[in-house]
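What follows is a set of notes on a single structure, which appears directly below.
The values are calculated or read from the model by the stated rules, or taken from the named source; none is laboratory data. What you see is a predicted model, and the numbers here were worked out from it, not measured in a lab. Positions of Cβ are generated from backbone atoms using ideal geometry, with glycine treated the same way; all protein chains shown enter the neighbour counts. We work out accessible area using only protein heavy atoms, side chains counted, and drop any ligands, DNA or RNA first. Shrake-Rupley method; radii C 1.70, N 1.55, O 1.52, S 1.80 Å.
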Amino acid sequence: QVQLVESGGGLVQAGGSLRLSCVASGRAITEYTMGWFRQAPGKERERVARINWSGSFTTYTNSAKGRFTISRDNAKNTIYLQMNSLMPEDTAVYYCVLNREPYRLSLDVGDYWGQGTQVTVSS
């Protein structure tokens, strides 16, 4: 059974930084795209960043470009999201996602999702 456990969320002031981690169990992540989504109250879920199986390809939502960095350590079955220059608009629950299919780039609701970690940025 695949499980994803996120950590690293919390309360931070605007301009601060947080590093989210997501550890996968039940499957080696070596062949799978993974990513981070977020959902703020009253808003639709948004893909923040994704990284392909080797880490050679990454994408970011426009608001995250230049501030967030996604990375992975396949040996630790873990991905990360380093978030710098945080803004109140980044406040949301952040979810880790693992693709169900190997070597597929797209991520959707049918993939494996973690329970989420709350990030709150105060102004």
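Each Cα pair under 8 Å and six or more residues apart adds its sequence gap; the mean of these over the residue count of the chain is a relative contact order of 36 percent. Karplus-derived 3J(HN,Hα) values for the range 76-83, using 6.51 cos²θ - 1.76 cosθ + 1.60 with θ = phi - 60°, are 9, 6, 9, 10, 9, 9, 8, 10 Hz; glycine and proline are entered as x. Could you work out how far the C-alpha centroid of the range 12-44 sits from that of the range 88-123, in angstrom? That distance is 5 Å. Subtracting the Cα-Cα distance of Ser17 and Thr30 from their residue separation scaled by 0.36 nm leaves 1.9 nm. With K and R counted +1 and D and E -1, the other residues having a Cβ less than 15 Å from that of Ser85 yield a net charge of +1. Just the number, please: percent antiparallel of the DSSP beta bridges in the chain, rounded to the nearest 5. Bridges in the chain that DSSP calls antiparallel: roughly 90 percent.
Subtracting the Cα-Cα distance of Gln82 and Glu46 from 0.36 nm times their residue separation leaves 11.3 nm of extension gain.
Solvent-accessible surface of the chain, taken per residue with a 1.4 Å probe and all protein chains present: 50 Å². Remark: the range 1-103 carries a charge dipole of roughly 60 debye about the Cα centre, counting +1 on each Lys and Arg Cβ and -1 on each Asp and Glu Cβ. Please compute the modelled spin-label separation between Thr59 and Ser123, points set 7 Å along Cα→Cβ, answer in nm with one decimal. A separation of 3.2 nm, rounded to one decimal place. Ligands, DNA and RNA left out, the accessible area of the chain computed with a 1.4 Å probe is 47% carbon and sulfur. Using 0.36 nm per residue and subtracting the Cα-Cα separation, the extra length available between Glu101 and Asp73 on full extension is 8.2 nm.
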